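Below: the structure, in structure tokens.
Read-outs throughout are calculated quantities, based only on the coordinates presented, and are distinct from any laboratory measurement. Everything numeric here is computed off the predicted structure, so don't read it as measured data. Virtual Cβ from ideal backbone geometry, glycine too; neighbours counted across all protein chains shown.
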Amino acid sequence: MSAVRLEVTRGPQAGKVFEFPAHDTFIFGRSGECHCAIPDDPYISANHFLLEANPPDCELRDLGSKNGTRVNGELCGGRTKGEDHRQAAKRARPVRLKDGDLITAGQTEFKVSLPRPDPGPATKTLARPAASAPGEALPQVPGWRVEKEVAKGGMGTVYLAFREGDGERTALKVVRPEAARMNKHLIDLFLREMKVSLGLRHPNIVRFLDEGFSDGVFYFAMEFCESGSAAELMEKNGGRLELSLAGRIAAQALEGLGYAHSRSIVHRDLKPHNILLHGEGPALQAKLADFGIAKDFSLAGMSGMTASGSGGGTLYFMPKEQLRDFRKTRPVSDVFSLGACLYNMLTNEPVYDFESVADPCLAVLQDKVVPIGRRGVRLPEPVAAVIDKSVAPDMSRRFQTAAEFRQALQSVLP
């Protein structure tokens with residue numbers, strides 16, 4: 001067995017089996033949108049728990065349910081007497097599941113079966129970390145002279161580096177997969193999938209120069225964008241950007257996004273941190289970074305438990321369908337994420353109302369999108385309408401393509 005297996009051993013759907021051969025999510029609750037829905041059990045919440053399977057591992061997250069979820073009889077989640085959902089959320093923790101564990105929620109019980117890890121032959125070659133200064137270790141990557149660290153994020157660390165052949169300045173991104181997942185098959189699969197993204201050539205997409213795997217890490221050499229990211233620009237400007245600037249950045253990013261979508265490439269992890277900037281003033285140019293890295297890394301199963309967006313604020317920019325249907329990637333989901341980026345650049349607020357729910361995932365699952373007009377930023381009504389349409393929870397009510405969104409946005413910008 002190479003898949004995570006979830007068998008219903010008691011309850012209305014007893015005998016049903018769910019299998020997860022690759023990184024995926026599973027939501028249990030009363031809601032008809034859940035993967036396993038039990039509408040008539042009064043002890044179950046609409047979205048009760050989320051299970052993330054990433055063979056050979058599996059993790060359970062109670063979604064702020066009133067009655068909680070039990071693992072081998074031990075309660076996780078739920079509320080004590082007199083406790084509100086915010087207090088309960090503070091002590092909620094994901095539970096790493098083991099083979100044979102029993103999950104109980106309401107009248108339903110599941111048995112968890114996990115595959116044995118298959119590490120396979122690891123591929124480790126060439127590079128060895130070398131200390132360049134006391135307390136600081138810089139990677140040594142073949143063909144590149146690494147000078148200093150410039151940024152660190154959920155997907156890895158970015159260094160300023162120079163190509164040894166011609167001295168070209170580059171941004172070198174180093175991504176370390178979970179050690180338990182480093183086998184030759186997955187490494188080759190990831191690099192093969194990445195080849196498609198590496199071929200993207202557009203003025204509004206960060207250009208890849210080289211990629212590879214060395215000494216337990218993946219590396220990606222990319223063109224260096226000296227003006228930082230949209231997130232850094234927001235910070236320099238007190239958290240918010242003026243409409244003229246944010247709109248120009250978003251419109252340019254949508255140009256690059258439309259080009260990638262025309263080549264059947266979806267980003268899946270758009271946020272202000274990976275909208276990079278080149279130049280300044282009227283010459284400022286937005287470029288989308290990390291095309292393929294987050295998507296292919298996650299779907300290959302090498303990223304650990306990431307689907308619920310617990311790291312890096314990803315839930316701020318994630319559409320509901322990406323959480324409910326983890327493995328399916330859609331261009332219209334990127335449209336939502338880019339709209340959420342524009343929303344965030346203008347308001348310094350997330351598109352969701354996270355304060356009203358017990359668990360952040362519930363804000364996404366329950367469509368808690370806040371109209372931008374309620375965020376205290378004065379915008380022309382046509383602009384607000386375009387942004388609100390871009391982040392509509394219902395996919396069918398959104399702009400269906402990046403080009404459609406860009407045209408609508410440009411028609412209302414001052």
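Within the stretch 231-273, name every residue whose backbone N is under 18 Å away from a label modeled 7 Å from Cα of residue 196 along the Cβ vector. Only 257-270 fall inside the zone, counting backbone N under 18 Å.
Note on the chain: dipole from Cβ charges, positive end direction compared against 237, 219, 94; the farthest Cα belongs to 94.
At a Förster distance of 35 Å, what's the computed FRET efficiency of residue 22 paired with residue 404, Cβ-Cβ distance as r, to 0.05? Walk me through the intermediate numbers first.
Numbers: r = 32 Å, r/R0 = 0.91.
Once the sixth-power term is evaluated, E becomes 0.65.
Could you tell me the center-to-center distance, by alpha carbons, between the stretch 210-241 and the stretch 333-367 in angstrom? A separation of 22 Å, based on Cα centres. The distance linking the stretch 1-44 with the stretch 52-78 is 12 Å (Cα centroid to Cα centroid, whole angstrom). In sequence order, the stretch 24-41 has phi-based couplings of 7, 10, 8, 10, 10, x, 7, 4, x, 7, 6, 5, 10, 10, 10, x, 9, 9 Hz under the Karplus curve 6.51 cos²θ - 1.76 cosθ + 1.60, θ = phi - 60°, and Gly or Pro positions carry x. Rounded to the nearest 0.05, the FRET efficiency derived from the C-beta distance between residue 210 and residue 285 at R0 = 25 Å is 0.65.
Placing +1 at every Lys and Arg Cβ and -1 at every Asp and Glu Cβ, with all other atoms neutral, what dipole size does the stretch 353-414 have around its Cα centre, in debye to the nearest 20?
Dipole of the stretch 353-414, to the nearest 20 debye: 240 debye.
Output needed for the stretch 37-77: three equivalent-ellipsoid semi-axes, defined as square roots of 5 times the C-alpha gyration tensor eigenvalues, in descending order, whole Å.
Whole-Å semi-axes of the equivalent ellipsoid: 20, 13, 9.
For the residues 236, 98, 271, what sequence is obtained by ranking on other C-beta atoms within 10 Å, fewest first? It would help to have the intermediate numbers written out before the result.
Values: 236 9, 98 12, 271 25.
Ordered from fewest to most neighbouring Cβ atoms within 10 Å, 236, 98, 271 come out as 236, 98, 271.
Exposure proxy for 65, 337, 356, 227: other Cβ atoms within 10 Å of each Cβ, ordered fewest to most, give 356, 227, 337, 65. When the alpha carbon gyration tensor of the stretch 1-68 is reduced to an equivalent ellipsoid, its three semi-axes come out at 21, 14, 9 angstrom, largest first. Restricted to Cα atoms, the chain shows a radius of gyration and a Dmax of 22.4, 68 angstrom.
Over 31 Å apart at the Cα level, from the set 195/236; 81/152; 236/368, are 195/236; 81/152.
Spacing of the modelled spin labels on residue 99 and residue 87, each 7 Å from Cα toward Cβ, amounts to 4.2 nm. Residues whose amide H lies under 5 Å from that of residue 63, counting only those 5 or more places away or on a different chain, are 49, 50; hydrogens are built 1.01 Å from N in the peptide plane. Between residue 263 and residue 148, the simple label model (points 7 Å from Cα in the Cβ direction) yields a spacing of 3.3 nm.
Computed about its Cα centre, the charge dipole of the chain is approximately 280 debye, with only Lys, Arg, Asp and Glu carrying charge at their Cβ. With helices as the sole contributors, the chain gives -7500 deg cm²/dmol at 222 nm; each DSSP H run of n ≥ 4 counts as -39500 (n - 2.57), and the sum is divided by every residue.
Find the relative contact order for the chain and round it to a whole percent, using C-alpha pairs within less than 8 Å whose residues are 6+ positions apart.
Working: 879 pairs, mean separation 53.6, N = 414.
Computed value for the chain: 13 percent relative contact order.
Candidates 55, 276, 160 compared by Cα position along the dipole of the chain: farthest toward the positive end lies 55, with charges placed on Cβ.
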